[in-house]
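Beneath this line is the structure, given in structure tokens, with notes to follow.
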Amino acid sequence: MTPNILVVEDEDSLATLLQYNLEKEGYSVSLASDGEDALIQADERLPDLVVLDWMLPKVSGIEVCRRLRQRAETRNVPIIMLTARGEETDRIRGLDTGADDYVIKPFSMTELTARIRAVLRRLRPGLAEDRVRFGDIVVDRVAHRVKRAGRDVHLGPTEFRLLDYFMQHPGRVFSREQLLDAVWGSDVYVEARTVDVHVGRLRKALNIDAAVDPIRTVRSAGYALDLES
Ligand code: CA
């Protein structure tokens, strides 16, 4: 799964440079040139990480950060702030407001991509790795194989994507609509009930022998991957 990075930067040349280099690193990149646009885009498509410039037209970077942290859907999105040299107090405030890291301009691409990898590894371990583990479930993204307690689990492509998505956010409850957008894509028309069908298949495939059911159904809310219950 390709991590999607939202780059919020009003300097066109820097935005283009960031997009070029991040795409070369294998990320998919969306650009926003002001704070208002950033909030709209984050709302339409949940980014896996936001690279957020401090000084922005309309809504400042710090305000964008604050608002992303206030909303339930975007509360946990990793944010890396870009600040100019000399904004020391601002930098500290930036971290208080909820940025996960900051990079001081001018910076090298090597530095920024290293920070992005570090933040993703720390906050979204399921995204950065080729192989993800949750409890006794292991998903190998390169080989497209799933094992539970050492035994092979055979999944169809949709169930595989569904499990992969759940593994990126263990414990978090997703509505059917959120799962549709993330796994099927928001431009595809699929009925919400289809989600139930595929979750059912995934659950059946994962529940070998008397293993604990890893998928929790939350009445009128949706589903979560959870081994605690
Ligand atoms: Ca700027």
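The values are calculated or read from the model by the stated rules, or taken from the named source; none is laboratory data. On a predicted model such as this, the values are computed, not experimentally measured, just so you know. Here Cβ is always computed from backbone atoms with ideal geometry, including for glycine, and neighbour counts include all displayed protein chains.
Worth pointing out:
- Among (1) touching a residue at least 24 places away in the same chain (Cβ under 8 Å); (2) in contact with a strand residue (DSSP E or B) (Cβ under 7 Å, 6 or more places away or on another chain), the one test that Asp140 misses: (1)
- Candidate set from the range 2-31 (those that are within 14 Å of Arg45 (Cβ to Cβ) and surrounded by fewer than 17 Cβ atoms within 10 Å (Cβ to Cβ)); member that is farthest from the ligand (Cβ to nearest atom): Thr2
- Which numbered condition Glu63 fails, given (1) crowded, with 17+ Cβ neighbours inside 10 Å; (2) within 16 Å of the ligand (Cβ to nearest atom): (1)
- Conditions (1) free of Cβ contacts under 8 Å to residues at least 60 places away in the same chain; (2) more than 22 Å from the chain's Cα centre (by Cα): number failed by Pro170: (2)
- The range 156-229 holds helices (runs of 4 or more DSSP H) entirely within its bounds, and those carrying 2 or more residues that are among the acidic types (Asp, Glu) and outside the structural domain of Pro47 (by TED's automatic domain parsing) map to 157-168.
- From Val146, Val138, Val119, residue being assigned by TED's automatic domain parsing to the domain that holds Val51 and modelled with pLDDT of 90 or more: Val119
- For the condition at pLDDT 95 or above and acidic (Asp, Glu), Asp48 does not qualify.
- Top-ranked residue in the range 47-73 [being in a strand (DSSP E or B) and under 15 Å from the mean Cα position of the chain (by Cα); ranked as farthest from Phe107 (Cα to Cα)]: Leu49
- Some residue of the range 136-147 being closer than 27 Å to Gln41 by Cβ and not in a helix (DSSP H, G or I): yes
- Among (1) modelled with pLDDT under 95; (2) surrounded by 13 or more Cβ atoms within 10 Å (Cβ to Cβ) - the single one Arg201 does not satisfy: (1)
- Flag for Arg45 being closer than 23 Å to Ala84 by Cβ and away from the ligand (no atom under 11 Å from the Cβ): no
- Of the residues making up the range 74-113, those that are away from the ligand (no atom under 16 Å from the Cβ), modelled with pLDDT of 80 or more and not in a loop (DSSP other than H, G, I, E, B) are Asp101, Met109, Thr110, Glu111, Thr113.
- Sub-8 Å Cβ pairs linking a first residue in the range 77-100 that is of a type in the set (Ser, Thr, Tyr) to a second residue that is modelled with pLDDT of 80 or more and within 16 Å of the ligand (Cβ to nearest atom), at least 6 apart or interchain, are Thr83/Trp54; Thr83/Tyr102; Thr83/Val103; Thr83/Ile104; Thr83/Lys105; Thr97/Ile62; Thr97/Cys65, ordered by first then second residue.
- Filter pass, Arg133 being modelled with pLDDT of 85 or more, closer than 30 Å to Leu225 by Cβ and assigned to a strand (DSSP E or B): yes
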